Amino acid sequence: MLRFVCSASGAHLARPVRSFLMRPRQPPVTPVPFSPMAARAHRAGLGLTPQQVAEGMAAHGIRLLPGHVIGWETGEIRPSEEEFIALARALWCPPAQLMGARPACLRDFRVARELGRDEAARRIGVSPRAYELAESTGKWGGDEDQTYTLAQVLGMTLRDVLAVFGRGDELEQRLRRCIDGRWQAQVKAIGRMVPVPREILAAVLTDLQNEQQVTAHWGSGGWGSAAPAQPEPPRQNRPLAERFWELMAAHRTDIPV
């Protein structure tokens, strides 16, 4: 911003003055899940000192002091994503074993596979920007093939894919539509959430629909029966998705249920 200064000799331009605008703060980065106890146990099992672990991490491009290793093991500090991967490599163990819990978000599954964002995007077949948005927003717009590749690259199960992107309720609603109407109309949409061969998905939806329709007509005296209607047995209160996954598990799929 230029500021005009008036003087006896008239107005003239003064030195440009910077205008400082308030920039929105970036949300804090959620630390990678990390178990200090697991890290300490792996190091002790290998008979390594914190100094040796630090040296091993340096071989993977991360240089730090042995005090960092001690700080991680005591829980005083948490490793960054890059430090976490290098630590797992230095301890010769899968990163997931240092997490102390199953991965719960797309970032955690990626880190568990020792992949950077760009490399994950390349393997999945999407742009780095598209993948970054998927991690930051928890929303995924990939087609069936990309969703299948995503699960394969990141080592996710079919349930993981659905949970990570928060689409459990949507699956339940679409399964309900399969029961109330024609399941064929829901195959494409469900296929984008559950990447399995179309014939397997069709078989599961057919079985699910048939089961639910039989339950609905149980004891109703339908199908031309002259018998008086009987009280309908209580329906199971569990979600349709639970039975959907049970039926899916009976089929052989590339991606485990």
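May I ask you to list the trypsin sites (Lys or Arg not before Pro) in the stretch 145-199 that are in a DSSP loop and have at most 11 other Cβ atoms within 10 Å of their Cβ?
Sparse-neighbourhood loop trypsin sites (Lys or Arg not before Pro): 182.
Grab the Cα-Cα distance for residue 63 and residue 184, subtract it from 0.36 nm times how many residues apart they are, and report the gain in nm with one decimal.
Separation in residues times 0.36 nm, less the Cα-Cα distance, equals 37.9 nm.
Scan the stretch 27-101 for chymotrypsin sites (Phe, Trp or Tyr not before Pro) in coil per DSSP, keeping those whose Cβ has at most 13 other Cβ atoms within 10 Å, and list them by number.
In loop regions of the stretch 27-101 (DSSP not H, G, I, E or B), the sparsely surrounded chymotrypsin sites (Phe, Trp or Tyr not before Pro) are 92.
Suppose every K and R has +1 on its Cβ and every D and E has -1 on its Cβ; what is the size of the dipole of the stretch 52-150 about the Cα centre, in Debye to the nearest 20?
The dipole of the stretch 52-150 has a size of about 40 debye.
Any idea how far apart residue 44 and residue 127 come out in nm if each label point goes 7 Å out from Cα toward Cβ?
Between residue 44 and residue 127, the label points sit 5.0 nm apart.
In percent, what relative contact order does the stretch 102-156 have, based on Cα pairs under 8 Å that are 6 or more apart in sequence?
40
I need the shape label for the stretch 31-101. Rule: rounded when a/c is under 1.5, else prolate if a/b > b/c, else oblate, with a, b, c from the alpha carbon gyration tensor.
rounded
Calculate, in nm to one decimal, what residue 104 and residue 238 gain on full extension: separation in residues at 0.36 nm each, minus their alpha carbon distance.
Going from the current span to full extension adds 45.9 nm.
With the crude spin-label approximation of a point 7 Å out along Cα→Cβ, what separation in nm comes out for residue 169 versus residue 37?
Label at residue 169, label at residue 37, 3.5 nm between them.
Coordinate-derived values only; no laboratory data. Bear in mind the structure is a predicted one, so any value in this text is a computation, not a measurement. For neighbour counting, all protein chains shown are included, and Cβ atoms are generated from backbone atoms with ideal geometry for every residue, glycine included.
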